[in-house]
1. Please compute the modelled spin-label separation between Asp124 and Thr159, points set 7 Å along Cα→Cβ, answer in nm with one decimal.
2. Can you compute the modelled spin-label distance between Leu43 and Asn93, with each label point 7 Å from Cα toward Cβ, in nm?
3. Under a 1.4 angstrom probe, counting protein chains only, how are Thr159, Thr80, Thr134 ranked by accessible area, largest first?
4. Tell me, what ³J(HN,Hα) does each residue in region 182-187 have, in order and in whole Hz, if you take phi through Karplus 6.51 cos²θ - 1.76 cosθ + 1.60 with θ = phi - 60° and put x for Gly and Pro?
5. Got a sec? What order do Lys190, Lys25, Lys47, Lys199 fall in by accessible area at 1.4 Å, biggest, i.e. largest, first?
6. Given labels modelled 7 Å from the Cα in the Cβ direction, how far is it in nm from Val198 to Arg133?
Amino acid sequence: MSTRTLEVTKSYPALLPGRRPGCSKLSVFCLAMDEVSYYGLPLLLMKVPNVAKAAVARSAAEARSRLAGEEFDVAVIPLTSLPEVLDGAPRRNNPRILALVREQGEIVSRLAWRHGVAGCLLWDEINVASLARTFDRLLRGEVPTAAHGPETHLNGRLTERERFVLTLLLRGMSNHQIGRAMGISIHGVKRHVSNLLVKFNCSNRTEVALVAQRLGLDSTPRKAI
């Protein structure tokens, strides 16, 4: 059988909405991106304090079957596999979906939001500490892409250039590409990106893109001033 499951006995206060009284910690399911993640993710997840069960599958078909037959609190699915795993497929208890991405630019796709994704995990930033923080937010019923989501009037707080930078960022452009498109220096781009991080209360570009798309701030930009 290709699916791997590991369990440990630990106690953690469960506050995730919809969880049964008396349940502790999270059960996490992952669809592996490759052989490395297939063998490494279960061992990594079991070191996370707020994880009680970790299951990993190799194929989308196995993922669909496992999610239909078993109860999980969280399902981590590669962004490009979301349609194959989730479209028209039943899920036992509708786990919170986290999209796994390899590069920040992938997040510009509307694919994640079309499938009700609660947040994203950047592959290069996956470690025990970051997973614990993400799952802790889920246990508290928060969106893991930002500790405190921006207000819906945030767009009014952005300058014209910040809105332009945001839209180019959502297209997956690097800082150098944004600089060339706007005719400004790389330092100027970094300053605008830094301002966006502060105003969106996010820690990286991926979180900014997620929150901006959720709030509908991904319209086509006008020519930068």
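The values are calculated or read from the model by the stated rules, or taken from the named source; none is laboratory data. These numbers come from a predicted model, not from an experiment. Cβ atoms come from the backbone with ideal geometry, glycine included; neighbour counts cover every protein chain shown. To get the accessible areas, we keep the full protein, side chains included, count just its heavy atoms, and leave off ligands, DNA and RNA. Shrake-Rupley method; radii C 1.70, N 1.55, O 1.52, S 1.80 Å.
1. The modelled label-to-label distance comes out at 2.8 nm.
2. 2.9 nm
3. On the way: Thr159 65, Thr80 105, Thr134 20 Å².
Output order, biggest surface exposure first: Thr80, Thr159, Thr134.
4. For region 182-187, the Karplus-derived couplings read 9, x, 10, 6, 4, 5 Hz, x marking Gly and Pro.
5. Details: Lys190 110, Lys25 0, Lys47 145, Lys199 50 Å².
Largest accessible area first, the residues go Lys47, Lys190, Lys199, Lys25.
6. 1.9 nm
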